[in-house]
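Undergrad: Provided herewith is a single structure, encoded as structure tokens, for subsequent inquiry.
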Amino acid sequence: MHDHAFQGNYMENDLASSASDFFPDAVVRHEAVGENEFRFFCENDVVLRVIVLENGLIRFRYCPDGLFEEEFSYAIDPEYVPASGVAVFSEEADFYEIKTELVAVRVEKKALRVEVLDEVGKPVCEDERGFHWETNNDYGGDIVKMSRRLQGGEAFFGLGDKSCELNLRGKRMQLWGSDTYGFGPKSDPLYKNIPFYLGLHNGTCYGTFFDNSFRSFFDFGNERSNVTSFWAQGGEMNYYYIHGPSADEVLQTYARLTGKPQLPPMWALGYHQCKWSYRTEEEFKGIASKFRELKIPCDAIYLDIDYMDGYRCFTWNRENFPDPPKMIRELKDDGFQRVVMIDPGIKIDRNYRVYVDGMEKDYFCRRGDGPHMKGSVWPGLCVFPDYTRDEVREWWGQLFKGLMQEDGVAGVWNDMNEPAVFEEGTFPRDVRFHYEGNRCSHRKAHNIFGMQMVRATNDGIKALGHGRPFTITRSGYAGVQRYASTWTGDNVASWEHLRIANTQCQRLASSGYSFAGSDIGGFIEQPDGELYVRWLAMGVFHPLCRTHSSGEHGSQEPWSFGEKFTRISRHWIEMRYRMLPYLYTTFWQHTQTGIPMLRSLFFLDQENVETYHRAEEFAVGDNILVCPVSKKKASGRWLYLPEGQWFNFWSDQLEEGRNEIWADAPLDRIPLFVRAGAVLPQGPVRQFVGDRPDAGLELHVYHIDGRHESELYEDAGDGEAYLHGEKSVKTFSVEGSESSIVVKQNTEGAFEPAYAEFTLIFHGMPFDAEKCTVDGEEVALEKVGFSRRATVERGFKEVELV
Ligand code: MIG
């Protein structure tokens with residue numbers, strides 16, 4: 001049932017170099033097209049087009065025979081407008097040079113090799129043999145290849161959901177989305193296809209985005225230790241060089257090019273509970289009331305495939321769910337959002353309206369010779385919508401009308417969209433796709449199928465009036481971050497998988513896909529209480545925080561492991577809600593800048609090679625750093641702090657960065673550090689996001705010898721008013737010395753939250769604070785443990801503590 005045919009099973013065309021490779025000859029001619037495009041023509045008809053989109057964003061397109069096919073990309077954000085770069089062209093004896101403010105691109109005359117140097121002339125990225133190709137007689141087209149020199153000390157990151165070590169140096173990876181039930185650290189390919197990676201050496205970071213949806217490969221010194229290469233089994237050698245020099249800048253540019261997510265409703269950042277499956281109304285409602293009864297916060301509960309009538313999408317099993325609108329209304333009244341699964345397979349059944357309608361409209365995929373693509377999935381034999389046609393996407397979107405508008409479903413979960421079919425694993429290669437008029441086979445459409453499915457889902461429910469849709473997808477291609485959140489698929493309840501989940505969420509974030517989480521506790525098999533709470537403690541800091549399990553091994557809810565672990569689970573989920581204002585702010589910042597929500601250590605200190613090899617520590621947003629405990633029976637762990645000064649969240653102990661330290665961590669602690677000078681907002685514990693709206697926030701102020709700024713973003717938490725000014729962005733600047741600290745607040749935007757006061761809590765003051773003044777007037781200062789606190793009006797301008 002679960003097919004692994006594509007794992008480790010390299011076929012004849014999988015090698016980076018082959019005896020039948022062709023290479024470009026010498027450049028014989030060049031021309032400029034407009035101000036930012038330069039074309040180079042070789043003796044044997046190879047053509048290279050270099051397009052300067054921005055000073056640090058250069059696109060390279062190659063063709064072997066002078067004939068570029070029409071271009072089309074699902075990845076590029078339709079709203080992307082190049083921030084036009086200024087290119088200066090010159091010719092030297094051996095090469096041509098295109099110079100911008102940030103980089104110099106050299107194209108060697110002899111064999112079309114490309115080299116990119118930074119503004120001080122340091123090589124960042126150099127072709128080895130550069131572009132070459134192999135002709136593909138089976139399918140036509142070419143296997144297009146690129147090889148580069150691996151730079152001294154170079155580390156590699158990104159490439160989506162890979163489960164191997166964080167730094168990809170020495171690895172070879174494949175992109176061909178696969179349903180990999182129970183994957184392990186060596187499984188490849190996995191579910192997602194994100195052909196974007198970062199190279200980092202000598203403190204300089206650059207990105208490569210190979211926008212080609214065919215089955216593709218990336219080799220980081222695996223086949224030959226001094227060579228990096230990437231290639232695809234069809235399509236064009238079409239890649240973007242993205243200059244840093246910082247990793248942040250690379251990600252910002254990549255996000256401008258391929259798009260940023262919309263801000264989700266705030267409840268999407270609450271705690272989510274899922275299982276395969278809650279099978280009856282009684283069971284589903286029972287789960288919900290148990291959360292409220294035990295006072296464990298929860299915002300969303302999920303129905304997996306079994307709520308449907310024989311797995312027919314957009315239907316209900318009326319025996320088990322006799323009155324969905326009523327059930328949903330009751331859950332809604334109790335503060336629960338309802339998320340349901342929808343798969344791409346449509347059951348072949350002439351009494352099923354979705355099938356009949358789709359057949360009449362000719363919306364399902366067909367085989368090369370004409371018949372419909374049929375494959376077995378949960379409902380039995382199915383057909384599959386061709387989501388690469390806009391009429392089909394629109395039709396699909398409308399199908400949600402009943403679920404969303406009549407029944408009151410709040411969010412949609414798209415699974416099996418690699419696409420997965422039983423037995424064969426995926427569609428045969430000859431299946432045809434519309435591809436927005438650029439007709440093609442499954443070889444080209446496979447890797448974008450899931451993205452187009454969830455796009456149709458997301459746009460559909462948006463058109464049905466959900467201003468901020470919540471969708472979650474298993475597969476995706478570059479750009480999918482515009483449409484949906486994601487999870488890392490069918491993992492296992494083991495300590496190794498806790499570490500893999502950490503790696504995958506960090507890696508997805510580095511690949512432009514921040515809104516991700518893992519099945520907390522593991523999908524397959526049953527965690528024990530210790531593993532569950534350690535995993536939950538990490539999951540609380542992931543953008544998506546959802547427990548899910550296959551349900552085959554008993555229950556996996558926060559109360560499933562005895563009273564002690566119920567208490568600890570509650571503690572962690574309450575922590576999620578305390579962090580919610582901070583996480584929501586971090587998400588909003590991400591939608592503005594494209595800087596990842598989770599940042600592996602090299603984002604924080606990229607001059608420092610120690611960070612190239614650190615995999616478990618990560619920052620969440622601007623001000624906090626986490627390092628999950630990932631071993632059984634550990635009482636704490638060693639971890640590395642990057643540059644800067646960090647306060648231990650639990651003890652207020654000040655630690656100097658660029659140090660390996662030990663942090664104690666009993667089961668209700670996770671090594672957690674706050675940046676000196678931060679203002680960390682913490683919310684009240686709520687049972688769900690709409691609960692107690694007038695409860696005020698705490699602002700935790702951490703000392704700094706110097707200055708630091710932090711932000712707090714707020715809005716109504718749902719709907720689109722925030723796009724029209726109904727939001728509030730506060731900047732808190734902290735200025736501290738040995739004997740005082742001043743916090744200034746500046747607010748922009750029209751949104752007024754329902755609460756009136758902040759509690760300021762001062763941490764790590766190196767002086768014995770005695771007096772607190774707010775806008776010139778003294779206020780009461782309370783001493784609590786090693787911190788001082790004062791309650792102040794929300795609109796304060798300046799608070800001073802001496
Ligand atoms: O073939 O819907 O990854 O989260 O619970 C398995 C049942 C299909 C795989 C998903 C998993 C989900 C399960 N699905």
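The values are calculated or read from the model by the stated rules, or taken from the named source; none is laboratory data. Bear in mind the structure is a predicted one, so any value in this text is a computation, not a measurement. Positions of Cβ are backbone-derived with ideal geometry, glycine not excepted, and every protein chain shown enters the neighbour counts. Ligands, DNA and RNA are stripped out before the accessible areas are found, and what is left, the full protein with its side chains, is counted by its heavy atoms. Shrake-Rupley method; radii C 1.70, N 1.55, O 1.52, S 1.80 Å.
Undergrad: Here are Gly479, Gly529: which of them is away from the ligand (no atom under 13 Å from the Cβ), of a type outside the set (Asp, Glu), out of contact with any strand residue (DSSP E or B) (no Cβ under 6 Å at 6 or more places or on another chain) and at positive phi?
TA: Selected residue: Gly479, the only one of Gly479, Gly529 that is away from the ligand (no atom under 13 Å from the Cβ), of a type outside the set (Asp, Glu), out of contact with any strand residue (DSSP E or B) (no Cβ under 6 Å at 6 or more places or on another chain) and at positive phi.
Undergrad: Output the number of residues of segment 430-446 satisfying the condition of being under 13 Å from Asp390 (Cβ atoms) and among the acidic types (Asp, Glu).
TA: The total comes to 1.
Undergrad: Name the strands (runs of 3 or more DSSP E) wholly inside segment 639-712 in which the number of residues that are open to solvent by less than 30 Å² (accessible area, probe 1.4 Å), among the hydrophobic types (A, V, I, L, M, F, W, C) and more than 27 Å from Leu531 (Cα to Cα) is 2 or more.
TA: Result: 679-682, 697-702.
Undergrad: Here's another thing I want to ask about it. Please verify whether Asp357 is charged (D, E, K, R), away from the ligand (no atom under 16 Å from the Cβ), part of a loop (DSSP other than H, G, I, E, B) and open to solvent by 10 Å² or more (accessible area, probe 1.4 Å), treating the condition exactly as stated.
TA: No; evaluated as a whole, the condition is false for this residue.
Undergrad: Of (1) open to solvent by less than 70 Å² (accessible area, probe 1.4 Å); (2) farther than 30 Å from Ala721 by Cα; (3) modelled with pLDDT of 95 or more, Ala769 satisfies all except one. Which?
TA: Condition not satisfied by Ala769: (3).
Undergrad: Go through (1) open to solvent by less than 10 Å² (accessible area, probe 1.4 Å); (2) in contact (Cβ under 8 Å) with a residue 60 or more places away in the chain for Glu617 and report which single condition fails.
TA: Going through the list (1) open to solvent by less than 10 Å² (accessible area, probe 1.4 Å); (2) in contact (Cβ under 8 Å) with a residue 60 or more places away in the chain, Glu617 breaks only (2).
Undergrad: Yes or no: segment 334-341 includes at least one residue that is within 16 Å of the ligand (Cβ to nearest atom), within 17 Å of Leu381 (Cα to Cα) and of a type in the set (Val, Ile, Thr).
TA: Among the residues of segment 334-341, not one is within 16 Å of the ligand (Cβ to nearest atom), within 17 Å of Leu381 (Cα to Cα) and of a type in the set (Val, Ile, Thr), which makes the answer no.
Undergrad: Also, quick follow-up: For segment 591-603, which positions are out of contact with any Asp or Glu (no Cβ under 7 Å at 6 or more places or on another chain) and open to solvent by 10 Å² or more (accessible area, probe 1.4 Å)?
TA: Thr591, Gln592, Thr593, Arg599
Undergrad: Considering only residues that are open to solvent by 10 Å² or more (accessible area, probe 1.4 Å) and away from the ligand (no atom under 15 Å from the Cβ), which ones fall in segment 482-499?
TA: Arg482, Tyr483, Ser494, Trp495, Glu496, Arg499
Undergrad: Could you list all residues from segment 252-285 that are in contact (Cβ under 8 Å) with a residue 24 or more places away in the chain, within 16 Å of the ligand (Cβ to nearest atom) and in a helix (DSSP H, G or I)?
TA: Phe284
Undergrad: Okay, next question. Which strands (runs of 3 or more DSSP E) does segment 146-222 wholly contain that include 1 or more residues that are modelled with pLDDT of 95 or more and more than 21 Å from the chain's Cα centre (by Cα)?
TA: 172-175, 196-201, 204-210, 216-220
Undergrad: State all residues of segment 369-386 that are in contact with a Cys (Cβ under 9 Å, 6 or more places away or on another chain) and touching a residue at least 40 places away in the same chain (Cβ under 8 Å); if no residue qualifies, say none.
TA: Met373, Gly375, Ser376, Pro379, Phe384, Pro385, Asp386
Undergrad: Would you confirm whether any residue within segment 398-409 is at pLDDT 95 or above, surrounded by fewer than 23 Cβ atoms within 10 Å (Cβ to Cβ), touching a helix residue (DSSP H, G or I) at 6+ places or on another chain (Cβ under 8 Å) and on the phi > 0 side of the Ramachandran plot?
TA: Among the residues of segment 398-409, at least one is at pLDDT 95 or above, surrounded by fewer than 23 Cβ atoms within 10 Å (Cβ to Cβ), touching a helix residue (DSSP H, G or I) at 6+ places or on another chain (Cβ under 8 Å) and on the phi > 0 side of the Ramachandran plot, which makes the answer yes.
Undergrad: Out of segment 71-89, which residues are open to solvent by 40 Å² or more (accessible area, probe 1.4 Å) and more than 30 Å from the chain's Cα centre (by Cα)?
TA: Val86, Val88, Phe89 - these are the residues of segment 71-89 that are open to solvent by 40 Å² or more (accessible area, probe 1.4 Å) and more than 30 Å from the chain's Cα centre (by Cα).
Undergrad: While we're here: Looking at segment 185-193, is at least one residue among the small types (Gly, Ala, Ser), in contact with a Ser or Thr (Cβ under 7 Å, 6 or more places away or on another chain) and within 16 Å of the ligand (Cβ to nearest atom)?
TA: Yes - at least one qualifying residue is present in segment 185-193.
Undergrad: Filter segment 543-576 down to the residues that are within 22 Å of Ala619 (Cβ to Cβ) and either within 16 Å of the ligand (Cβ to nearest atom) or of a type in the set (S, T, N, Q) (or both) and list them by number.
TA: Those that are within 22 Å of Ala619 (Cβ to Cβ) and either within 16 Å of the ligand (Cβ to nearest atom) or of a type in the set (S, T, N, Q) (or both): Leu544, Cys545, Arg546.
Undergrad: Further, regarding this structure: Select from segment 289-319 the residues that are closer than 30 Å to Asp357 by Cα and either more than 16 Å from the ligand (Cβ to nearest atom) or hydrophobic (A, V, I, L, M, F, W, C) (or both) and list them in ascending order.
TA: If the condition is that a residue be closer than 30 Å to Asp357 by Cα and either more than 16 Å from the ligand (Cβ to nearest atom) or hydrophobic (A, V, I, L, M, F, W, C) (or both), then Leu303, Ile305, Met308, Cys313, Phe314, Trp316, Arg318, Glu319 are the ones that fit.
Undergrad: What do you reckon, is Leu175 surrounded by 24 or more Cβ atoms within 10 Å (Cβ to Cβ), in contact (Cβ under 8 Å) with a residue 12 or more places away in the chain and touching a Cys at 6+ places or on another chain (Cβ under 7 Å)?
TA: So Leu175 does not fit the description; no.
Undergrad: Then there's this: List every residue pair whose Cβ atoms sit under 6 Å apart, with the two residues 6 or more apart in sequence or on different chains, where the first one lies in segment 62-85 and is on the phi > 0 side of the Ramachandran plot and the second, anywhere, is at pLDDT 95 or above and surrounded by 12 or more Cβ atoms within 10 Å (Cβ to Cβ).
TA: Gly66/Asp45; Gly66/Val47
Undergrad: Scan segment 412-420 and tell me whether some residue there is within 16 Å of the ligand (Cβ to nearest atom), out of contact with any helix residue (DSSP H, G or I) (no Cβ under 6 Å at 6 or more places or on another chain), open to solvent by 10 Å² or more (accessible area, probe 1.4 Å) and on the phi < 0 side of the Ramachandran plot.
TA: The answer is yes, given that some residue of segment 412-420 is within 16 Å of the ligand (Cβ to nearest atom), out of contact with any helix residue (DSSP H, G or I) (no Cβ under 6 Å at 6 or more places or on another chain), open to solvent by 10 Å² or more (accessible area, probe 1.4 Å) and on the phi < 0 side of the Ramachandran plot.
Undergrad: Take the conditions within 16 Å of the ligand (Cβ to nearest atom), in contact (Cβ under 8 Å) with a residue 60 or more places away in the chain and crowded, with 24+ Cβ neighbours inside 10 Å and apply them to Gly539. Does it pass?
TA: Answer is no for this residue.
Undergrad: Which pairs have Cβ atoms under 7 Å, sit 6 or more apart or on different chains, and link a residue in segment 320-344 that is over 24 Å from Val454 (Cα atoms) to one that is assigned to a loop (DSSP other than H, G, I, E, B) and within 16 Å of the ligand (Cβ to nearest atom)?
TA: If the second residue must be assigned to a loop (DSSP other than H, G, I, E, B) and within 16 Å of the ligand (Cβ to nearest atom), the pairs left are Asn320/Arg279.
Undergrad: Follow-up. Can you work out which of the residues in segment 421-451 that are more than 24 Å from Gly380 (Cβ to Cβ) and of a type in the set (S, T, N, Q) is nearest to the ligand (Cβ to nearest atom)?
TA: Filtering segment 421-451 for residues that are more than 24 Å from Gly380 (Cβ to Cβ) and of a type in the set (S, T, N, Q), the one nearest to the ligand (Cβ to nearest atom) comes out as Asn447.
Undergrad: Then there's this: Only one of these is in contact with a Phe, Trp or Tyr (Cβ under 9 Å, 6 or more places away or on another chain), touching a residue at least 24 places away in the same chain (Cβ under 8 Å), open to solvent by 10 Å² or more (accessible area, probe 1.4 Å) and within 15 Å of the ligand (Cβ to nearest atom): Ile520, Ile524. Name it.
TA: Answer to the selection: Ile524.
Undergrad: As an exercise: evaluate Arg366 against (1) out of contact with any Cys (no Cβ under 9 Å at 6 or more places or on another chain); (2) open to solvent by less than 10 Å² (accessible area, probe 1.4 Å) and give the number of the one condition it does not meet.
TA: Checking Arg366 against (1) out of contact with any Cys (no Cβ under 9 Å at 6 or more places or on another chain); (2) open to solvent by less than 10 Å² (accessible area, probe 1.4 Å), the one that fails is (2).
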